[in-house]
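First comes the structure, then the notes that go with it.
The values are calculated or read from the model by the stated rules, or taken from the named source; none is laboratory data. No experiment lies behind these values; they were computed from the predicted model shown. Side chains included, ligands, DNA and RNA excluded: accessible areas come from the protein's heavy atoms. Shrake-Rupley method; radii C 1.70, N 1.55, O 1.52, S 1.80 Å.
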Amino acid sequence: MDKIALIKEPIKRELSDFKELFDHSLQSDIPLLRDVLEYVRQRNGKMMRPILVLLMAKLYGGVNDATLHAAISLELLHTASLIHDDVVDESDKRRGQSSVNALYNNKVSVLVGDFMLATSLAHAAITNEIELVGIVSHLGQKLSEGEIIQLVNTSNKDFSENVYFDVIRKKTAALFAASAESGALSAGASEDNVRKAALFGEMIGIAFQIKDDIFDYFENPELGKPTGNDMVEGKLTLPALYVLNHTAGEKERDLALRIRSMKATKEEIAGFVEYVKDEGGIEYAEKVMWDYRNKALDLLPETTGTSLKEAFAAYIDYVIERNK
């Protein structure tokens, strides 16, 4: 059994129920909106965050209607944030497929993102659980804060790992944390277990983002983004930050500042990518990623059943072993 099948095994029926409800949420009588929502629905990936919601609920008592609507709410919020991010970043690709703003335009993308955000909040309300509504609302705030910190950081002359982790905790990791937390909360887990679930999700989310950042140092046509794409957008991620703080000289640090201010040429970026790889940036990032993976596993209750334990282990390993 492959990892994805192993991950889904304990929640096959619940995942089917989720997909049916999720597809129903992406509908409209307005032709243009219907077309865009259908495109978004068709290009959805492996639903890793909703799966985490369901697995965590299963761990602490079982999946119920509140679990399903919380999972839908979080996935819609996540999708809306990606649509808006592509507008902000002027990206024409998302995981190897055309972004919504590339197929339509920025106005349509922003409005569709707003529609999905409103639908997300509607599903949170359906749960009738004020704590779950709070998780979704606070997640929206964190995602926006992460984007703003990242935007402001383009003029920062320091190469701080703390700022890097602050950004990914408020962006990628916040989504995984909210997913795990809402799953546990919906199933009636204790306050301590809900807290541990959120921390578990955060650890996975950090590992997930580090893996994404490592991808940017290698050509992968499946991803639809060339080597150094983050740097083209002025983003310096963990591999580069490590090298800049440990082995780089004044010349490399000056170039990094030009990259951050988006004044570097493609040739300079390509050269800097190779420099970071040669100086051990990738190895350092991989070590940190594995550390977070192990921290996440340690948070699972010792009483976790075999099927769920295997599913969670496969989930974490998939995050750090995936090739796109």
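Could you work out what % of the accessible surface of the chain is carbon and sulfur, using a 1.4 angstrom probe and leaving DNA, RNA and ligands out of the count?
51
Just reorder 192, 65, 317 by solvent-accessible area, largest first, 1.4 Å probe, all chains present.
65, 192, 317
Expressed in nm to one decimal, what extension gain is obtained for the pair residue 157 and residue 141 from 0.36 nm per residue of sequence separation less their Cα-Cα distance?
My answer for the length gained is 3.1 nm.
Helix-only mean residue ellipticity at 222 nm, the chain, DSSP H runs n ≥ 4 weighted -39,500 (n - 2.57), per residue, nearest 500. What is it? Write down the numbers at each step before the final one.
Working: 17 runs with 238 residues, N = 324.
Result for the chain: -23500 deg cm²/dmol, rounded to the nearest 500.
Leaving out same-chain residues fewer than 8 places away, which lysines sit with a Cα under 18 Å from that of residue 107?
Here the lysines satisfying the reach criterion relative to residue 107 are 93.
For the chain, take the longest principal axis of its alpha carbons; what is the angle in degrees between that and the long axis of helix 130-152, to the nearest 10 within 0 to 90?
10
Averaged per residue, what accessible area in Å² does the chain show with a 1.4 Å probe, protein chains only?
Using a 1.4 Å probe on heavy atoms only, each residue of the chain averages 47 Å².
As a test question: what accessible area, to the nearest 10 Å², does residue 253 have when a 1.4 Å probe is rolled over all protein chains in place?
80
Once you keep just the Cα pairs under 8 angstrom separated by 6 or more residues, what percentage relative contact order results for the stretch 1-92?
Across the stretch 1-92, relative contact order equals 28 percent.
Measure up 211/235; 3/46; 211/309; 235/287; 8/58; 211/277 against 18 Å on the Cα-Cα distance and list the ones that go over.
Where the Cα-Cα span goes over 18 Å, the pairs concerned are 211/309; 235/287.
Taking residue 263 as the anchor, which aspartates and glutamates have their alpha carbon closer than 12 Å to its alpha carbon, excluding any fewer than eight residues away along the same chain?
Residue 263 reaches 233, 254.
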